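Each remark here refers to the structure printed beneath this line.
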Amino acid sequence: MDDRTLRLAVPNKGRLREPALRLLREAGLVFEQTERALSVTVRNADIELLFVRAEDVVELVSDRSAHLGITGRDLLREESIRLKRNLKESLSLGFGRCDLTVAVPTESALEKTEDFEGLRIATSHPNLTTRFFFRQAVKVKVVPMKGSVEVATKLGVADAIADLVSTGSTLKVNGLRPVFTILESEAVLVDTTYTDEVIPDHERILTSLRSVIAGRRRRYLLLNAPTEALDTITGLIPGLEAPTVIPLAEDGMAAVHSVVERDEVWNLLPRLKEAGGRDILVLPIGQLVP
Ligand code: AMP
C-alpha cells in the first residue's frame, strides 16, 4: 500500500456488511472475503478495504484514515453532528433502508411533535433526535441508549423512543406504535471533502458503484415482433436513447432491444404481448455506464 492507495471503510459485521461487499464485487473489485481480517487488499485495483464497525466508518473518513466509507445515512448524520464535521454523502446505495422513527406505547395518545414537549425520548441517535426537536422548537429530554431502545418505555426510563424501523415488527412486538419519522435512511457512500489529495482510483470507484446501482434499477428487454407492431412497441419502451430494432432472418419480423426501468416491467409485459411482442426476455444489467 502506498499513499496513492484508496482506502475504503466497510462495515465488518451487521446488516450492512454483506450487501456492501456484494456491491463492491459487482463494481468489479476482486478480493478475498475473510471473516476476521481487519483489512484486505483489492487484487485488481489500488484499493484497500478497511473493515470497521458501521458506526466507526464516519470517524475514519473524517480523520482521513479512509478516503471513502460505506455506512447508513443515519450514522453519517449522527456522527457528523457529534464530530462537528460536514461529511459528504456522495451516493445512495439502495440497500439498508430504514427510518429513524419516533414511537410511543400503543395506548399513548401522543401524535404531533408538540405533544412531546417536556417528555423523555430514548434513542441510540441522540444528536439527530435533539436536532430534530430543536428545529421543531419542542423541548424534550433525550436519553441516549446504546441498544435495546425499544424496551425503554417499559422500563420507565422514557416516554417515547426514536429508533430505526424497517418492517415495524419489532415495534409491534414491544407494544409500540410509530408516530413520525425523523430521517429516511439507507446505505450511503461517505466521501472525504478534502480535495488536496489526488487518488487515482477515487473517480473510478465512484463511476463503477454508480453504474452498478443504475444497472440494478433497470432491466434489459429483448423481444421479437412483426414489423407492423413496431411503432406501438417502440412507443411503449423508449429505452436509454431509442430502442435498437434489428431485422430478423424471417421476413416481416424484427427484434427490439431496450433498457427499461425494473419497476415498470410488471406493467409493461402484458402490454408488449398485447401489442404483438413475443419471445420476450428480461435480463439483469450488471453495470450501466451512461
Ligand atoms: P447493524 O450493524 O446491523 O446494527 O446495522 C446498523 C445500520 O444498519 C443502521 O445504522 C442502519 O443504517 C442500517 N439498518 C437498516 N435497517 C435497519 C433496522 N431495521 N434496524 C437497525 N438498523 C438498520
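The values are calculated or read from the model by the stated rules, or taken from the named source; none is laboratory data. Keep in mind that this is a model prediction, so the values were computed, not measured. We place every Cβ from the backbone using ideal geometry, glycine too, and count neighbours over all the protein chains shown. These accessible areas exclude ligands, DNA and RNA; they are computed on the full protein's heavy atoms, side chains included. Shrake-Rupley method; radii C 1.70, N 1.55, O 1.52, S 1.80 Å.
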Rounded to the nearest 10 Å², the accessible area of F31 at probe 1.4 Å: 10 Å²
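On a 1.4 Å probe surface of the protein chains, which of T71, T41 comes out largest in accessible area, and what is the full order? Don't skip to the end; give the middle numbers.
On the way: T71 0, T41 90 Å².
Heavy-atom accessible area, descending, gives T41, T71.
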The range 39-55-the range 245-290 distance, computed between alpha-carbon centres (Å): 39 Å
Separation in nanometres of the label points that stand 7 Å from Cα toward Cβ, at V151 and H257: 5.8 nm
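Hey, what number do you get for the chain at 222 nm if only DSSP H runs of n ≥ 4 count, each worth -39500 (n - 2.57), divided across all residues, to the nearest 500? Numbers along the way, then the final one.
Details: 9 runs with 79 residues, N = 290.
Roughly -7500 deg cm²/dmol at 222 nm, from the helical runs in the chain.
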Within straight-line cross-link reach of K141, lysines at Cα separation under 30 Å, skipping those fewer than 8 residues along the same chain: K84, K88, K112, K154, K172
